[in-house]
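To start, the structure itself, in structure tokens.
The values are calculated or read from the model by the stated rules, or taken from the named source; none is laboratory data. If you're wondering where the values come from, they're calculated on a predicted model, not measured in any experiment. Here the Cβ positions follow ideal geometry from the backbone for every residue, glycine too, while neighbour counts run over all protein chains shown. Side chains included, ligands, DNA and RNA excluded: accessible areas come from the protein's heavy atoms. Shrake-Rupley method; radii C 1.70, N 1.55, O 1.52, S 1.80 Å.
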Amino acid sequence: MLEPQAKDLEQTILVGLITSEQDADKSNEYLDELEFLTQTAGGAVIKRFTQKMDRPNATTFVGTGKVEFIKNFIENNDITTAIFDDELTAAQERNLSKILNCKVLDRTNLILDIFAQRAKTSYARTQVELAQCEYLLPRLRGMWTHLERQKGGIGMRGPGETEIETDRRIVRDRIGLLKAKLKTIDKQMAVQRGNRGKMVRVALVGYTNVGKSTLMNSVSKSEVFAENKLFATLDTTVRKVVVKNLPFLLSDTVGFIRKLPTQLVESFKSTLDEVREADFLIHVVDLSHPNFQDHMDSVNTILTDIGCDDKPSLVVFNKIDNYKPEPFDDTDLTVERNSKHFSLTELQSSWMARMATPAVFVSVTEQINMEQLKEALYQAVKQIHITRFPYNHFLYPDDLESLV
Ligand SMILES: Nc1nc2c(ncn2[C@@H]2O[C@H](COP(=O)(O)OP(=O)(O)OP(=O)(O)O)[C@@H](O)[C@H]2O)c(=O)[nH]1
Ligand SMILES: [Mg+2]
């Protein structure tokens, strides 16, 4: 199924469950995402394993027979790392690393590891380290001793191994220290945000890798780092943007993902404050991704969690240049036609009819419908501007146009 991978990458296998809520297709989609995360972290996926079971096994996550099967594969193929799609308990992690005799990670580990690799500023690094410590604390006992052979690589970056190997007290102290450090930076950042005055603030939000930074660069003509990897952006960037004479602040920030570890959401509180304090949200969606609707749901759930679900917003369906509907065969009576088979035009009209939030369909890289996007943005910012500066006789360019 998968291409043989370069030998110098960390050789990994993935493990996921098929449950009554998560059928084989869904499970496969989640494993696709886990594979992308693994590649982003610097690993090569050699094989995937799935098992049908409604609830994970309390001791080994998958069943005993399956564990044996995986163990054999690991031994015969020089696998160094097994990655599980769901969060493992401390006991499952311990048992699995003993039986499989390799590094065992879960989705949360992997996301935290990518964040640790990506964190460039001291602020981002502090937030990630806090999240890692919070994740490690309940899992400390006996976790690292048998891993001495395999230091380094995925899941081993961030807080140094030396700290982890000592006891919980030290990690607890470290958590206290990191929290205090973050509090100081948070205060400074709140002041900075306060200094931005009454300018209208717009924040880009969305699943990871949907094109938020690309959009930011295009609209503000700046050079924010964008690439085809998950979590390319960790630190928030704010730019002043002027659309048709109307100035506002646009911020680009960390992308969301399904099952974003709670530790991360909490420690990235201040980064997310940028979203919380925004007047308006641009929810960017990658329309070319087969799971874009699930991604939208995940983003909306996180927005609700951080108390931002009632903010005015604009949905930007991006990457329409790459949109490909699933082929539909009307002679095959086993398949019902659904939105996955819609042409772009059909999809557009069905979303427009259904959604309460305004939406535009664009391709930022191909610059398709960008004028429409700017117009929608302009109208939204203008509404906020009018209420914020009621006595300011700012002449809105479109009012001028209508006077001519
Ligand atoms: N085909 C196509 N690709 C696009 C478009 N817009 C962005 N991309 C690509 O999508 C990838 C991700 O873009 P980013 O701007 O880094 O995405 P992001 O949402 O900022 O991602 P994170 O910071 O990782 O959360 C890059 O490879 C972009 O070139 C588009 O309109 N069409
Ligand atoms: Mg980005």
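Quick look at the values:
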item: Residues of region 61-93 classified as in contact with a strand residue (DSSP E or B) (Cβ under 9 Å, 6 or more places away or on another chain), closer than 16 Å to Arg139 by Cβ and assigned to a helix (DSSP H, G or I), total; result: 2
item: Single residue of Gln348, Gln367, Gln372 found to be open to solvent by 30 Å² or more (accessible area, probe 1.4 Å), on the phi > 0 side of the Ramachandran plot and at pLDDT 80 or above; result: Gln367
item: Check on Lys47, part of a strand (DSSP E or B) and open to solvent by 70 Å² or more (accessible area, probe 1.4 Å); result: yes
item: Residue check, Gly152 within 16 Å of Pro261 (Cβ to Cβ), open to solvent by 10 Å² or more (accessible area, probe 1.4 Å), modelled with pLDDT under 70 and not aliphatic (A, V, I, L, M); result: no
item: Hits in region 29-38 (condition: open to solvent by 10 Å² or more (accessible area, probe 1.4 Å) and touching a residue at least 12 places away in the same chain (Cβ under 8 Å)); result: Glu29, Tyr30, Glu33, Glu35, Phe36
item: All positions within region 220-243 that are surrounded by fewer than 17 Cβ atoms within 10 Å (Cβ to Cβ), closer than 28 Å to Lys198 by Cα and at pLDDT below 85; result: Lys221, Ser222, Glu223, Phe225
item: Residue identified as of a type in the set (Gly, Ala, Ser), assigned by TED's automatic domain parsing to the domain that holds Ser363 and in contact (Cβ under 8 Å) with a residue 40 or more places away in the chain among Ser288, Ser298; result: Ser298
item: Subset of region 280-299 [closer than 23 Å to Val200 by Cβ and away from ligand 1 (no atom under 16 Å from the Cβ)]; result: Phe280
item: Given (1) of a type outside the set (Lys, Arg); (2) more than 23 Å from the chain's Cα centre (by Cα); (3) surrounded by 23 or more Cβ atoms within 10 Å (Cβ to Cβ), index of the condition Leu110 fails; result: (2)
item: Pairs, first charged (D, E, K, R) in region 310-321, second outside any loop (DSSP other than H, G, I, E, B), C-beta under 8 Å, six or more apart; result: Lys311/Phe280; Lys311/Leu281; Lys311/Leu303; Lys319/Asp286; Lys319/Ser363; Asp321/Ser363; Asp321/Ile368
item: Pairs with Cβ under 6 Å, 6+ apart, first in region 181-199 and more than 15 Å from Phe268 (Cβ to Cβ), second surrounded by 11 or more Cβ atoms within 10 Å (Cβ to Cβ) and not charged (D, E, K, R); result: Met199/Leu249
item: Filter result (open to solvent by less than 20 Å² (accessible area, probe 1.4 Å), out of contact with any Phe, Trp or Tyr (no Cβ under 9 Å at 6 or more places or on another chain) and more than 16 Å from ligand 2 (Cβ to nearest atom)) within region 250-272; result: Ser267
item: Filter result (within 16 Å of ligand 1 (Cβ to nearest atom) and assigned to a helix (DSSP H, G or I)) within region 178-218; result: Lys212, Ser213, Thr214, Leu215, Met216, Asn217, Ser218
